[in-house]
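The values are calculated or read from the model by the stated rules, or taken from the named source; none is laboratory data. Remember, predicted model here, so these are calculated numbers, not experimental data. Reconstructed Cβ throughout: ideal geometry from the backbone, glycine too, with neighbour counts over all protein chains shown. Just the protein is used for accessible areas: all its heavy atoms, side chains included, with ligands, DNA and RNA removed. Shrake-Rupley method; radii C 1.70, N 1.55, O 1.52, S 1.80 Å.
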Amino acid sequence: MSNAYYNMKVVDITQETADAITLHLDHPDKQNIPYIPGQFLTLILPVNGQKVRRSYSLCSTPEEPYFSVTVKRVEGGLVSNFLAENAQIGQTIEVMAPLGNFVLKPEAGQKRHIFLFGGGSGITPLMSMLKSTLKFEPQSRVTLIYGNRNVDSVIFKDQLAQFEQQHPNQLKVVHVFNEALVDATEKQDHIGLLDRNMVLRLLEDLTVPGYQQESYYMCGPEGMMNEVREALQFKSVPASQVYKESFTAPTSSEEHGADVTAAPESDEIITRTVTLRYEGQEYQVEVKPTETILEAGLKADIDLPYSCQAGLCTACMGKCLSGRVHLTEREGLSDAEIAQGYVLNCVGHPLSADVVIEIG
Ligand SMILES: Cc1cc2nc3c(=O)[nH]c(=O)nc-3n(C[C@H](O)[C@H](O)[C@H](O)COP(=O)(O)OP(=O)(O)OC[C@H]3O[C@@H](n4cnc5c(N)ncnc54)[C@H](O)[C@@H]3O)c2cc1C
Ligand code: FES
């Protein structure tokens, strides 16, 4: 895992909607910083005298001249409102190198049908995937189903319409609005919630024969993604063809934790010493019950990688080589990664005295 930091200059700002802006950031020294469509940048910003980090998915593609991220205001949110009010052309922002497992790597020979389900700001990683597929997979088809409150809240509305015009046989964009505008004229728009029934209806209409495989990528509010997942399960779509990115931790009462196990010792979360291996060094860190392994490591002045601090983005991922760790959230990890012993330090608590975690 790369933990490189860069200073990037804001070269332009696009007002996408009333509450969303896109920051276009310049490559530092025109360095080549690779990324895959779907990955995110971590912005590190001084807000109220403290350095805070937030993850923002890249809506640009690696071939574009700038790194672009779109930030939508969240009510009461610290960083999204700070950026909306303070971002300026010419300012420099510290960023961590692109990361993330929610990726779509285009391959020229592929002939697949890619369904993208987006809600609100969840369009950002999908936009990068969409553009990249149109460019590098000419035989593949992309269908974007994009839910928003109303037509005024559609991020990238004009760009999407333009791409659809340029690629009539390759791209279909379907807008779903929660509320109708009085003067709505676009007859093809769907009004209502992007729920299971609507998803099933749309898939019925939009599935086209002649493709080798179908893949499904989703990013949006938890409720919307649950509905899409249920619809896909109803259609018996294999889980291996479904990919998901969450911007926020789930709020439902479902159990979201996980134990990464070796020999069970005790389920108690008490103060324990954890061994962290990072960049060729080994550190012994005391982790109190009130803190996560990441928090304890940062307190000990270890420059550990992290971004969302919510168990979503995997920036803090490590491999548990021995011992037992409890994760209070595991949204960012697949079952296979959990089984292989991967942990997220930002939501990890040691459950045994012999925990050794290798990071990077
Ligand atoms: C991998 C990843 C990629 C992301 N990409 C983007 C992106 O491309 N564009 C973007 O705008 N945001 C994106 N986010 C969300 C972003 O990182 C911040 O969480 C968001 O900007 C809110 O930060 P804040 O400081 O304004 O709010 P905070 O002060 O951190 O939070 C305020 C409250 O709002 C809730 N909240 C946070 N995010 C949302 C949300 N999206 N919708 C509703 N409630 C929310 C929090 O749970 C909290 O209760 C991404 C998050 C992750 C993990
Ligand atoms: S910092 Fe994002 S998962 Fe831990």
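Observations
- Solvent-accessible surface (1.4 angstrom probe) belonging to Cys320, in square angstrom, nearest 10: 20 Å²
- In Hz, Karplus ³J(HN,Hα) per residue of the stretch 207-215 (6.51, -1.76, 1.60; θ = phi - 60°; x = Gly, Pro): 6, 10, x, x, 9, 6, 7, 10, 10
- Stretchable slack from Asp29 to Glu75, in nm (0.36 nm times residue separation minus alpha-carbon distance): 13.0 nm
- Where Phe163, Phe102 fall by accessible area, highest first, once all protein chains stay in place (1.4 Å): Phe163, Phe102
- Cross-link check: pairs Lys9/Lys172; Lys244/Lys288; Lys30/Lys131; Lys51/Lys288; Lys30/Lys135 evaluated at a Cα-Cα cut-off of 28 Å; pairs beyond the cut-off: Lys9/Lys172; Lys244/Lys288.
- In Å², nearest 10: area of Leu23 left accessible to a 1.4 Å probe: 0 Å²
- Computed over the stretch 112-245, the ratio Rg/Rh where both radii use C-alpha atoms and Rh is Kirkwood: 0.93
- Which of Glu75, Glu295 is most accessible, then next, and so on - probe 1.4 Å: Glu75, Glu295
- Restricted to Cα atoms, the stretch 1-153 shows a radius of gyration and a Dmax of 15.8, 51 angstrom.
- Spin-label zone in the stretch 123-152 - amide nitrogen under 13 Å from a point set 7 Å from the Cα of Lys111 along the C-beta vector: 138-141
- Taking only the C-alpha atoms of the stretch 258-359, Rg followed by Dmax gives 11.9, 31 Å.
- Extension gain, Gln212 to Asn178, is 8.9 nm, computed as 0.36 nm per intervening residue step minus the present C-alpha separation.
- Neighbourhood net charge (12 Å Cβ-Cβ; Lys/Arg +1, Asp/Glu -1) for Val142: +2
- For the stretch 25-109, the direction-averaged projected area of the alpha-carbon convex hull comes to 6.7 nm².
- Sites Phe234 and Ile302 - FRET efficiency at Förster radius 35 Å, r taken between beta-carbons, to 0.05: 0.15
- Shown here: the stretch 207-250, whose C-alpha atoms stretch 37, 18, 17 Å along the first, second and third principal axes, sorted largest to smallest.
- With all protein chains modelled, accessible area of Lys172 [1.4 Å, Å²]: 70 Å²
- Residue of Ser322, Ser132, Ser60 that the Gaussian network model of the chain assigns the largest fluctuation, springs spanning Cα pairs under 10 Å: Ser322
- Considering only Lys135, Lys157, Lys105, the mean-square fluctuation computed in a Gaussian network model of the chain, springs between alpha carbons under 10 angstrom, is largest for Lys135.
- Expected 222 nm ellipticity per residue - DSSP helices of 4 or more, -39500 (n - 2.57), all of the chain, to 500: -5500 deg cm²/dmol
- Interchain or long-range residues, amide H under 5 Å from Ile191's placed H: Phe177
- Translational diffusion of the chain, µm² s⁻¹ [Kirkwood Rh, Cα pairs; Stokes-Einstein; 20 °C; 1.002 mPa s]: 99 µm²/s
- Of Ala87, Ala336, Ala20, the one that fluctuates the most in a GNM where the chain has Cα springs shorter than 10 Å: Ala336
- Reciprocal of mean inverse Cα separation for the stretch 65-159 (Kirkwood radius, Å): 15.6 Å
- Site pair Val52 and Arg277 shows an inter-label distance of 3.6 nm when each label is modelled 7 Å from Cα along Cα→Cβ.
- Note on the chain: with charges restricted to the Cβ of Lys and Arg (+1) and Asp and Glu (-1), its dipole about the Cα centre is near 700 debye.
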